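Participant: Before anything else, here's the structure in question.
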Amino acid sequence: MANLAALELDRPETATRPARLRVVLLGCGTVNTGVLDALELMPDRIEIAAVVTRRRRPGQTGRTAWLTDIRDAFDTGPDLVIDGLPDCPAAEKALDLAVERGIHVISANKAVIARRPDLEARARAKSTRFAYSAAVGGGVPVLETVQRLTAAGETIASVRGVLNGTSNFVLGLLEQGVGFDQAIAAAQAAGFAEADPSSDIDGLDAAAKLALIARKAYGIAPDALAIPADSLLSIEPGQVCGVRENGLRYRQVAELSRTETGEIDARVRLIALPETHPLARTENEENAVEITCESGLKIQLHGKGAGQVPTAGSVLADIRDLLAAGEG
Ligand SMILES: NC(=O)c1ccc[n+]([C@@H]2O[C@H](COP(=O)([O-])OP(=O)(O)OC[C@H]3O[C@@H](n4cnc5c(N)ncnc54)[C@H](OP(=O)(O)O)[C@@H]3O)[C@@H](O)[C@H]2O)c1
């Protein structure tokens, strides 16, 4: 994790350094292990009050409390909670409690944030931070770019992209003739797919990301579950290989725009694109996004959409913003 640590430690010192942030990490799997490694190298800025996992970690030593009860962790009095939990009721309750107690939240948990737009609204009403850069695009700054464009007075006409690293990784293996179950197992072993990969495969993960982009672009929070989505299971692995031979690549493409009447038009489709298309040039877990503004401005983003380094890097960028704002 040396590069994540460098990201933080290379920052120039500022004259008005905020107090140390007291931090609780919820979950310590792929994402938060990377975050923890980097934060442990910043003892002057960050105090790790507790780390919560589902199973006990008896081997853990040091000053940080390793807990299995989320409420016990909140009782350590954190300024900031970093959510690296899967989509589960415990995560939803934890974010609710953090917002209720006026604790800053940084989360990678796109499913919960998309389902509960009230959390961000309530945090904003309390002037506490509720940031989730890592929830869309992994290391690709999709939400940040949409936010900057709208802040600069642009109106987003459409967003189109490969937003799910796991399904892209799986499609890449299917193209090579690997079986579906083997491809999923490889995505899990690489830390991209969760234990239950169905939301990646069925397009729900991409739909949740579209809901978060819609929130930043239009201030509207569509129901991710109501966004129509094609499942990877709707095509035969042989079809994926077959079109590849004809210069086409299947990609899970998430699309968002606003109709003339102001409604959100969003969908997740499996499309066979020409291999020269920017969205078709995504390899493995990469994401690619095209943002088109009504002014005609077009922005293309491309990069690692999943995995420890890019995702933890986005979480650390949110922490850096919080520290820079002096909200510790
Ligand atoms: N992985 C990626 O590339 C990526 C990219 C973008 C966003 N995300 C999002 O980031 C979040 C974390 O992903 P991940 O890949 O790091 O997940 P992960 O590797 O499966 O880790 C999840 C962690 O949460 C803990 N946990 C699960 N249920 C819990 C509960 N009820 N109480 C306390 N702890 C619990 C687990 O504990 P144990 O260690 O004891 O099992 C584990 O430490 C997810 O919401 C995911 O959608 C992930």
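The values are calculated or read from the model by the stated rules, or taken from the named source; none is laboratory data. Being a predicted model, the structure only gives us computed values, none of them experimental. Here Cβ is always computed from backbone atoms with ideal geometry, including for glycine, and neighbour counts include all displayed protein chains. All accessible areas refer to the heavy atoms of the entire protein, side chains included, with ligands and DNA or RNA removed. Shrake-Rupley method; radii C 1.70, N 1.55, O 1.52, S 1.80 Å.
Participant: Among the candidates 127, 158, 167, which residue alone is modelled with pLDDT of 95 or more, surrounded by fewer than 18 Cβ atoms within 10 Å (Cβ to Cβ), within 18 Å of residue 268 (Cβ to Cβ) and not charged (D, E, K, R)?
Facilitator: It is 158.
Participant: If you don't mind, there's one more thing I want to ask. Could you grab me the full set of residues in the stretch 86-101 that are over 16 Å from the mean Cα position of the chain (by Cα) and open to solvent by less than 30 Å² (accessible area, probe 1.4 Å)?
Facilitator: 94, 97, 98, 99
Participant: Further, regarding this structure: Working only within the stretch 96-113, note down all residues that are more than 9 Å from the ligand (Cβ to nearest atom) and assigned to a loop (DSSP other than H, G, I, E, B).
Facilitator: 101, 102, 103
Participant: Name the one entry in 267, 258 that is among the basic types (Lys, Arg) and touching a Leu at 6+ places or on another chain (Cβ under 9 Å).
Facilitator: 267
Participant: Another one. Please specify each residue of the stretch 57-95 satisfying the condition of being within 12 Å of the ligand (Cβ to nearest atom), part of a loop (DSSP other than H, G, I, E, B) and in contact with a Leu (Cβ under 9 Å, 6 or more places away or on another chain).
Facilitator: 84, 85
Participant: Sort out which residues of the stretch 153-211 are of a type in the set (A, V, I, L, M, F, W, C), under 18 Å from residue 112 (Cβ atoms) and touching a residue at least 60 places away in the same chain (Cβ under 8 Å), and write them in order of number.
Facilitator: 163, 195, 204, 206, 207, 208, 211
Participant: If residue 187 passes every condition in (1) part of a loop (DSSP other than H, G, I, E, B); (2) crowded, with 16+ Cβ neighbours inside 10 Å; (3) within 16 Å of the ligand (Cβ to nearest atom) but one, which one does it miss?
Facilitator: (1)
Participant: While we're on this one: Residue under question is residue 282, and the condition is that it be surrounded by 15 or more Cβ atoms within 10 Å (Cβ to Cβ) and assigned to a strand (DSSP E or B); does it hold?
Facilitator: Spelling it out, it is not the case that residue 282 is surrounded by 15 or more Cβ atoms within 10 Å (Cβ to Cβ) and assigned to a strand (DSSP E or B).
Participant: Please enumerate the residues belonging to the stretch 39-56 that are surrounded by fewer than 15 Cβ atoms within 10 Å (Cβ to Cβ) and either within 15 Å of the ligand (Cβ to nearest atom) or of a type in the set (Phe, Trp, Tyr) (or both).
Facilitator: 54, 55, 56
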